[in-house]
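Structure record follows, encoded as structure tokens.
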Amino acid sequence: MMAILVLAISALMLALSPISAYALDTAKCSARPNGSTGSEVYGGSETRLTWEGQAAADEAITGISITFPAGTTFGTDDAKLTALSGKDLMDRANIGASFSSDGETLIATFDEPVVAGSYIRLEVYEVIFPTTGGQMELHGTYTLADDTSIPVEDITPIEVEGVSVTSQITSSLEEQDWVKSWNSNKFLRLFFNPVIIIESFPIVFQGFLMAVGIVAVAFPVAIPLGLCLSLMRMARLRILRGLASIYVNVVRGTPLFLQIYIAFFGLPLAGIQIPSFPLGVVVLSMNSAAYLCEIFRAGIQSIPKGQTEASRSLGMNGFQTMVFVIIPQTIKRVIPTMTSEFILLYKDTSMLAAVGVMEVVMYAKTIVASTGSITPYIVAACFYLVITLPLAKLVGMLEARLDSGRSSRSKKKGKIDSSASSDENEIDVVGVYAASAGIPVRKAPAQDS
């Protein structure tokens with residue numbers, strides 16, 4: 001009895017309470033994909049918004065308004081409303097309406113109320129979402145015949161992909177008449193496409209940073225290794241000379257490309273796993289060390305032997321002679337050649353693309369595969385030239401400065417002490433280097449006239 005009483009009271013309360021049948025449920029809210037591929041919606045590019053909703057059976061709607069996120073623009077001239085009504089919603093009719101904009105809100109006022117229970121479809125064209133992207137939340141209201149305004153429920157946010165500055169620039173370029181005229185020429189389109197230049201620049205720049213990073217680590221490692229190899233090649237012990245000669249001849253006698261393949265594919269087969277960046281550094285530094293060895297050896301052998309004899313006469317041992325007299329002069333003489341080796345090493349980083357290291361050429365190759373244009377390779381060439389051309393100019397300036405310095409020193413030496421013997425001059429030179437290094441030397445014995 002108690003249960004029956006509760007049910008009766010509940011039924012009576014429902015009968016007496018006002019029932020709200022107002023409900024325009026959102027069935028769909030989407031935006032047309034506006035990318036070149038895929039189903040993504042990108043900010044900053046025109047798209048079409050489609051909203052669909054089902055009105056309640058007793059609702060005669062006279063208007064709809066949709067509020068877009070801040071920063072969104074849209075057009076009102078081509079907006080369109082369609083209604084499906086009747087049994088099974090098979091009767092289709094275009095809704096006559098006037099469209100207006102109130103800031104971020106699209107307002108659609110119907111010429112006459114639509115049939116109650118209709119399925120309404122709203123299409124808004126020229127919609128451009130903010131370039132920042134993200135979840136775009138839309139809000140809506142609809143108006144009844146008695147001017148009652150009710151919120152539209154369950155509008156699903158639209159996922160919009162953010163657009164970079166580069167993409168915005170390329171989108172603008174594609175609309176330029178001069179770009180269309182430029183790309184109408186097949187050669188220019190394949191090798192110097194302005195749109196692809198802008199698109200590929202930031203991507204290839206990532207590879208540029210990788211290449212510079214590899215060289216910035218590999219070359220400083222190769223310098224001491226090359227110097228040690230050069231000293232070994234000039235050592236008195238035959239075993240040291242033999243080991244250094246074998247290493248230098250093997251490395252210089254085989255292609256760097258082959259050495260990269262052996263390191264990147266051979267070591268994993270042997271169970272040795274090394275990340276790409278450090279392994280690339282090791283391979284390039286070992287290769288460059290073989291060439292630097294010959295550069296240093298030539299520089300050391302270019303120093304007159306009289307300086308070694310003068311160093312010994314002043315009381316310096318072999319180690320002090322090499323470190324404080326011979327090597328400083330060698331470094332000065334080989335700086336231009338070392339700079340040239342740095343340029344070659346930087347260009348050789350392009351070979352790492354063959355083993356999947358994401359440097360300049362690898363990034364350019366990826367873009368070429370997707371666009372079918374050679375332009376990314378031209379962009380990659382510019383990234384090489386931005387390093388190699390200034391360094392080549394620097395090499396020329398260093399060589400000219402060293403040549404002028406040697407000439408001026410020779411003239412000065414001839415004017416100041418033209419009567420001195422070559423041995424005395426060598427002793428003076430060695431004394432300067434010894435004094436700068438803080439090495440005490442004994443006074444050279446006076447020579448009889």
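Couple of notes before you dig in:
- Under 11 Å, Cβ to Cβ, from Lys28 - net charge with Lys/Arg +1 and Asp/Glu -1: -2
- Computed over the range 320-398, the convex hull of the alpha-carbon atoms projects to a mean area of 6.8 nm².
- Evaluating 6.51 cos²θ - 1.76 cosθ + 1.60 at θ = phi - 60° for every residue in the range 253-261, the Karplus couplings come out as x, 10, x, 4, 4, 5, 4, 5, 5 Hz, glycine and proline recorded as x.
- In the context of the full set of protein chains, the range 131-288 has a per residue accessible area of 58 Å² (1.4 Å probe).
- Relative to the current alpha-carbon distance between Val212 and Ala270, full extension at 0.36 nm per residue lengthens the span by 17.9 nm.
- Whole-Hz ³J(HN,Hα) from phi, Karplus 6.51 cos²θ - 1.76 cosθ + 1.60, for the range 55-61, glycine and proline x: 7, 5, 5, 10, 9, 9, 8
- Label-point separation, Tyr261 to Lys365 (7 Å along Cα→Cβ), nm: 1.3 nm
- Protein accessible area in the range 207-338, 1.4 Å probe - carbon and sulfur %: 71 percent
- Amide H within-cut-off set for Ala145, under 5 Å, with H built and near neighbours excluded: Ala60, Thr62
- Alpha carbon centroid spacing (whole Å) that separates the range 381-404 from the range 274-292: 24 Å
- Note that the range 295-363 presents 41 Å² accessible area per residue, ligands and nucleic acids not counted, probe 1.4 Å.
- For Glu153, net neighbour charge (Lys/Arg +1, Asp/Glu -1) across residues whose Cβ lies under 15 Å away: -4
- Projected onto its three principal axes, the C-alpha set of the range 155-204 covers 49, 25, 14 Å, listed from the longest axis down.
- Straight-distance crosslink candidates among aspartates and glutamates, where the alpha carbon sits under 18 Å from Lys332 and sequence neighbours closer than 8 are dropped: Glu294, Glu341, Glu399, Asp403, Glu426
- Normalising the average separation of contacting C-alpha pairs (under 8 angstrom, six or more residues apart) by the number of residues puts the relative contact order of the range 29-170 at 33 percent.
- Carbon/sulfur fraction of accessible area - the range 45-119, other protein chains in place, 1.4 Å, %: 46 percent
- Accessible surface, 1.4 Å probe, highest first, among residues Glu104, Glu137: Glu137, Glu104
- The packing ranking of peptides 248-254, 284-290, highest mean first, is 284-290, 248-254, where packing means the average number of other beta carbon atoms within 10 angstrom of each residue.
- In Å², nearest 10: area of Met210 left accessible to a 1.4 Å probe: 60 Å²
- Cut-off under 5 Å, modelled amide H: who pairs with Gly44 long-range: Phe129, Thr131
- At R0 = 25 Å, FRET efficiency that the Cβ-Cβ distance of Glu104 and Arg32 yields, to 0.05: 0.80
- Prolate/oblate/rounded call for the range 126-224, Cα gyration tensor, a/c under 1.5 rounded: oblate
- Karplus-derived HN-Hα couplings along the range 233-247 (A = 6.51, B = -1.76, C = 1.60, θ = phi - 60°), whole Hz, x at Gly and Pro: 5, 9, 6, 7, 6, 5, 5, 5, 4, x, 4, 5, 5, 4, 4
- Per-peptide packing, taken as the mean over residues of other Cβ atoms within 10 Å, places 194-202, 149-157, 299-307 in the sequence 194-202, 299-307, 149-157 from highest down.
- Between the range 299-343 and the range 69-146, the Cα center-to-center distance that results, in Å: 84 Å
The values are calculated or read from the model by the stated rules, or taken from the named source; none is laboratory data. Note that the coordinates shown come from a computational prediction; the quantities given were computed from them, not determined experimentally. Counting neighbours? That spans all protein chains shown, and the Cβs are built from the backbone with ideal geometry, glycine included. In case anyone asks, the SASA skips ligands and DNA or RNA and just uses the protein heavy atoms, side chains included. Shrake-Rupley method; radii C 1.70, N 1.55, O 1.52, S 1.80 Å.
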